[in-house]
Amino acid sequence: MKVCGFTFIRNAVKFDYPIVEAITSILPVCDEVVVALGNSDDGTEELIASINSPKIRIIPTVWDDSLREGGAVLAQETNKAFDSIAAEYDWCFYIQGDEVFPEQFQKPLLASMEQWKDDKGVDGLLFDYLHFYGTYDFIGDSPNWYRREIRVVRLNKNIRSYKDAQGFRFTNGEKLKVKLANANMHHYGWVRTPKAMMEKSKAFNKLWHSDDWVKEKLGDEDIFNFNDFDSLAPFKGKHPRVMESRIAQANWQLQSDPTKKKMKPKQWLRYLLKQWFGIYIFEYKNYILLK
């Protein structure tokens, strides 16, 4: 069985992406990792090179900055990396620049890949998610956070990154049929210094909205307000080993009480059903989960 990882990144230094940790976390289960390196102006290429692994293959790309709707450029860059993967691979392991794969799931994931490798009715593998918010000590636990997403896909070039690159679909719009990977993914996209978070927020909102919209919504502020959350819970587990150094350098705190819930009635209903009974209603599923 052969596995190729793939990802994309641009200006990782400027926006404080844990891309080194992301790539490093999947290297043990991959024979190669393709990195679509977008046109950066902050030393991102040198940062990737510092990983110093012969498994990493960089392909230079140029982002289409005219794509200002729905985060489409993110899917385009994902597809560039995916399309460069050679035909010899069985599975393709996708990771984004703000995600990290915990080491305790390496063996279960490889076992799932091996189990379903020859079953062509399985298009991909589905991961459970933990979404960290504000600091490394809290996770978003409201039903507004996506619970699961596809991160391993079969090497089928009819599979495409979907919309803003959160998941995948076939070229004809059909959802992928997937099995649970028996693995988690840690998402750190909402954990940065307040200054870096605002810089990233302004830049990435321009992938969805006009400059005028971004200026109206975010103005001239240079510090991100982490108070805008609906529900958080303390994280009681362990972070991946590759994150230890980054976490040790964290020196900021949430500006408000993370134990306070700020949800509307419909959100409360969904939240309580999830907490009490493990029932998820109105859940968005960009996949078909096979039994």
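Across region 225-249, what is the total count of residues that are over 30 Å from P28 (Cα atoms) and in contact with a strand residue (DSSP E or B) (Cβ under 9 Å, 6 or more places away or on another chain)?
As a first pass, look at region 225-249 and keep what is over 30 Å from P28 (Cα atoms): 225-233.
Subset that is in contact with a strand residue (DSSP E or B) (Cβ under 9 Å, 6 or more places away or on another chain): 226, 229-233.
Residues that pass the stated criteria total 6.
In summary, R57 fulfils each of the numbered conditions (1) modelled with pLDDT of 95 or more; (2) part of a loop (DSSP other than H, G, I, E, B); (3) more than 21 Å from D164 (Cβ to Cβ) with the single exception of condition (2).
If you check T193, T259 for being among the β-branched types (V, I, T), surrounded by fewer than 17 Cβ atoms within 10 Å (Cβ to Cβ) and closer than 18 Å to E99 by Cα, only one passes: T193.
Counted as qualifying within region 84-192 are the strands (runs of 3 or more DSSP E) with 3 or more residues that are hydrophobic (A, V, I, L, M, F, W, C), namely 91-94, 124-133, 148-154, 177-190. Hey, does region 209-221 have a residue that's surrounded by 13 or more Cβ atoms within 10 Å (Cβ to Cβ) and at pLDDT 85 or above? Looking through region 209-221, none of the residues is surrounded by 13 or more Cβ atoms within 10 Å (Cβ to Cβ) and at pLDDT 85 or above. If you go through region 91-115 and keep only what is farther than 30 Å from K206 by Cα and surrounded by 16 or more Cβ atoms within 10 Å (Cβ to Cβ), you end up with W91, P102, F105, L109, L110, S112, M113.
Working only within region 1-17, note down all residues that are basic (K, R) and more than 30 Å from K117 (Cα to Cα). Before the answer, list the steps.
Taking region 1-17 and keeping what is basic (K, R), we get 2, 10, 14.
Residues satisfying the conditions are R10, K14.
On the phi > 0 side of the Ramachandran plot and either surrounded by 18 or more Cβ atoms within 10 Å (Cβ to Cβ) or out of contact with any Asp or Glu (no Cβ under 8 Å at 6 or more places or on another chain) (or both): which single residue out of G173, G140 fits that description? Give the steps one after another, and end with the answer.
Working: G140 fails: on the phi > 0 side of the Ramachandran plot.
So the residue among G173, G140 that is on the phi > 0 side of the Ramachandran plot and either surrounded by 18 or more Cβ atoms within 10 Å (Cβ to Cβ) or out of contact with any Asp or Glu (no Cβ under 8 Å at 6 or more places or on another chain) (or both) is G173.
Residues that are touching a residue at least 40 places away in the same chain (Cβ under 8 Å) and part of a loop (DSSP other than H, G, I, E, B) within region 1-54 comprise M1, K2, R10, N11, A12, K14, F15, D16, Y17, P18, C30, D31, listed in sequence order.
If only residues of region 262-284 that are within 25 Å of the chain's Cα centre (by Cα) and more than 17 Å from I139 (Cβ to Cβ) are counted, the one that is surrounded by the fewest Cβ atoms within 10 Å (Cβ to Cβ) is F282.
Taking (1) modelled with pLDDT under 95; (2) within 19 Å of the chain's Cα centre (by Cα); (3) under 16 Å from D98 (Cβ atoms) in turn, P143 satisfies each apart from (3). Within region 8-34, being β-branched (V, I, T), surrounded by fewer than 24 Cβ atoms within 10 Å (Cβ to Cβ) and within 10 Å of G97 (Cα to Cα) holds for one residue alone: V20. With respect to (1) among the charged types (D, E, K, R); (2) touching an Asp or Glu at 6+ places or on another chain (Cβ under 7 Å); (3) under 30 Å from G121 (Cβ atoms), the lone exception for K179 is condition (2).
The values are calculated or read from the model by the stated rules, or taken from the named source; none is laboratory data. Everything numeric in this text was worked out from a predicted model, so none of it was measured. Positions of Cβ are backbone-derived with ideal geometry, glycine not excepted, and every protein chain shown enters the neighbour counts.
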